[in-house]
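The values are calculated or read from the model by the stated rules, or taken from the named source; none is laboratory data. Predicted model only: the values in this text are computed from it and were never measured. Cβ atoms come from the backbone with ideal geometry, glycine included; neighbour counts cover every protein chain shown.
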Amino acid sequence: GDSVTQMEGPVTLSEEAFLTINCTYTATGYPSLFWYVQYPGEGLQLLLKATKADDKGSNKGFEATYRKETTSFHLEKGSVQVSDSAVYFCALSDRRRTSGSRLTFGEGTQLTVNP
Amino acid sequence: EPEVTQTPSHQVTQMGQEVILRCVPISNHLYFYWYRQILGQKVEFLVSFYNNEISEKSEIFDDQFSVERPDGSNFTLKIRSTKLEDSAMYFCASSDRDSTEKLFFGSGTQLSVL
């Protein structure tokens with residue numbers, strides 16, 4: 001079945017450092033790929049998405065590119081802020097489904113940014 | 001911004017008891033979901049619900065689980081006879097017809113089965 005693997009965390013960075021969180025996937029179909037973020041005490045929020053190969057999703061300074069050849073969707077940000085401290089989840093959805101969206105999640109990566 | 005709300009935020013119950021977790025999805029959304037996360041494990045899909053019926057369920061969602069949309073606003077998950085291994089954070093989510101892949105999640109109900 002489908003699966004998502006994230007880099008083993010947690011990740012601790014200083015403010016303005018460069019961030020990479022690795023994500024690789026296996027899927028039988030042609031999935032859409034997502035990054036969700038969960039801030040303390042809140043629900044998961046969609047951060048960005050990409051629906052086809054070589055698409056780049058971006059939001060709030062974060063970027064991720066859909067790499068079909070390496071089955072990857074790594075999350076990057078050039079300069080992190082303390083407010084970026086959260087748990088980040090990579091996920092995929094099989095686009096062949098017509099009855100809503102069933103997400104398969106990675107393990108989640110706790111990011112802590114220190115001032 | 002509209003949001004999905006879940007109640008209660010924490011629920012403690014004894015093994016074998018029935019629990020109902022409640023969710024109010026975003027009002028114009030048509031697809032509803034339950035996910036759970038056992039401590040230290042991945043967020044897992046339980047069930048999706050559309051047009052007043054289950055559209056998909058995972059192998060986790062056995063006969064002990066049921067979902068219901070009792071009125072126009074609430075979406076509930078019932079566990080008939082809780083087990084220790086049901087202890088987890090349960091997330092409700094919803095999405096609309098035009099963007100089914102963009103799920104909006106609630107902040108979760110932490111269920112502890114003793």
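Of the residues making up segment A:61-86, those that are aliphatic (A, V, I, L, M), within 21 Å of A:Pro115 (Cβ to Cβ) and either surrounded by fewer than 18 Cβ atoms within 10 Å (Cβ to Cβ) or away from chain B (no Cβ under 14 Å) (or both) are A:Val80, A:Val82. If you filter segment B:77-92 down to residues that are hydroxyl-bearing (Ser, Thr, Tyr) and surrounded by 16 or more Cβ atoms within 10 Å (Cβ to Cβ), you find that the one that is nearest to B:Val43 (Cα to Cα) is B:Tyr90. Against the list (1) at pLDDT below 95; (2) assigned to a loop (DSSP other than H, G, I, E, B), the condition B:Phe61 fails is (1).
Residue-level check: of (1) at negative phi; (2) in contact (Cβ under 8 Å) with a residue 40 or more places away in the chain; (3) not charged (D, E, K, R), B:Gly16 misses just (1).
Residues in segment B:95-109: is at least one at positive phi and within 11 Å of another protein chain (Cβ to nearest Cβ)? Among the residues of segment B:95-109, at least one is at positive phi and within 11 Å of another protein chain (Cβ to nearest Cβ), which makes the answer yes.
Of all residues in segment B:18-35, which are within 13 Å of chain A (Cβ to nearest Cβ), β-branched (Val, Ile, Thr) and part of a strand (DSSP E or B)? Walk me through it before giving the result.
Just the residues of segment B:18-35 that are within 13 Å of chain A (Cβ to nearest Cβ), to begin with: B:23-26, B:29-35.
So of that shortlist, the ones also β-branched (Val, Ile, Thr) come out as B:24, B:26.
If the condition is that a residue be within 13 Å of chain A (Cβ to nearest Cβ), β-branched (Val, Ile, Thr) and part of a strand (DSSP E or B), then B:Val24 is the only one that fits.
Here's a check for you: in segment A:13-47, which residue that is of a type in the set (A, V, I, L, M), within 12 Å of chain B (Cβ to nearest Cβ) and in contact (Cβ under 8 Å) with a residue 24 or more places away in the chain is nearest to B:Phe91 (Cα to Cα)? Break it down stepwise before answering.
So in segment A:13-47, the residues of a type in the set (A, V, I, L, M) come out as A:13, A:17, A:19, A:21, A:27, A:33, A:37, A:44, A:46-47.
In the following step, the residues that additionally are within 12 Å of chain B (Cβ to nearest Cβ) were identified as A:33, A:37, A:44, A:46-47.
Restricting the remaining residues to those that are in contact (Cβ under 8 Å) with a residue 24 or more places away in the chain gives A:33, A:37, A:44, A:47.
Details: A:Leu33: 20, A:Val37: 14, A:Leu44: 9, A:Leu47: 17 Å.
Top of the filtered list is A:Leu44.
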